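S.K.: Dropping the structure in here first, questions after.
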Amino acid sequence: MQKISPASTLMPQQFRIINASEGFRLEVSVGCLWLTRPGDSMDHFLMAGAVMELHERQVLIQSDKQPAALSLMPAQYRLVPLKTKISAWHVPFMAWFKTRQSWVTRSSTEVTGRGLRNHDQSVTHV
């Protein structure tokens, strides 16, 4: 089950630099965020309901005024990991599984031009 972070709040004109190198989905729930990413020549303004995937090491997000808004309001957002971390017992299991998977691949039926060729070289047409 994927753990969803609690909502974070940025007060008007407050900013935060986040490390999103492991991959996160930014979900804006309230207000407007101004987002700047390294290597991206455009800044992004994300309104409530907007979602953006982030993969960069340093992403600057700042609470910004919504278009036509009379007052500044805090922005709320969530950072949701794009992939879940593997627990310690999964690592040896995955290594074991990969060795078995390559064994099955080597010993399985080969697909040739018009049919399936078994190891005894007979052709079965499909």
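The values are calculated or read from the model by the stated rules, or taken from the named source; none is laboratory data. Just so it is clear, the model here is predicted, and its values are computed rather than measured. Ideal geometry is used to build each Cβ from the backbone, glycine not excepted, and the neighbour counts take in all protein chains shown.
S.K.: List pairs: first residue in the range 41-60 and farther than 13 Å from Gly31 by Cα, second residue among the polar types (S, T, N, Q) and part of a strand (DSSP E or B) anywhere in the structure, Cβ distance under 6 angstrom, at least six positions apart or on different chains.
M.R.: Close Cβ pairs (under 6 Å, with a partner that is among the polar types (S, T, N, Q) and part of a strand (DSSP E or B)) amount to Asp43/Thr36; Leu60/Thr36.
S.K.: What are the residues in the range 3-32 that are within 12 Å of Pro81 (Cβ to Cβ), in the same structural domain as Leu54 (by TED's automatic domain parsing) and out of contact with any Lys or Arg (no Cβ under 7 Å at 6 or more places or on another chain), if any?
M.R.: Ala20, Glu22, Phe24, Arg25, Leu26
S.K.: Further question on the same structure: Please verify whether Asp43 is under 25 Å from Pro6 (Cβ atoms), at pLDDT 65 or above and either over 18 Å from the mean Cα position of the chain (by Cα) or outside the structural domain of Arg16 (by TED's automatic domain parsing) (or both), treating the condition exactly as stated. Break it down stepwise before answering.
M.R.: Values: under 25 Å from Pro6 (Cβ atoms): no; at pLDDT 65 or above: yes; either over 18 Å from the mean Cα position of the chain (by Cα) or outside the structural domain of Arg16 (by TED's automatic domain parsing) (or both): yes.
So Asp43 does not fit the description; no.
Quick grid of which residues meet (1) farther than 15 Å from Arg78 by Cβ; (2) touching a Leu at 6+ places or on another chain (Cβ under 8 Å); (3) assigned to a loop (DSSP other than H, G, I, E, B):
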| site | (1), (2), (3) |
| --- | --- |
| Pro6 | no, no, yes |
| Gln13 | yes, yes, yes |
| Asp40 | yes, no, yes |
| Gly49 | no, no, yes |
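S.K.: Now for a different question. Residues in the range 70-79: is at least one under 20 Å from Met11 (Cβ atoms) and either assigned to a helix (DSSP H, G or I) or at pLDDT below 55 (or both)?
M.R.: Scanning the range 70-79, I find at least one residue that is under 20 Å from Met11 (Cβ atoms) and either assigned to a helix (DSSP H, G or I) or at pLDDT below 55 (or both), so the answer is yes.
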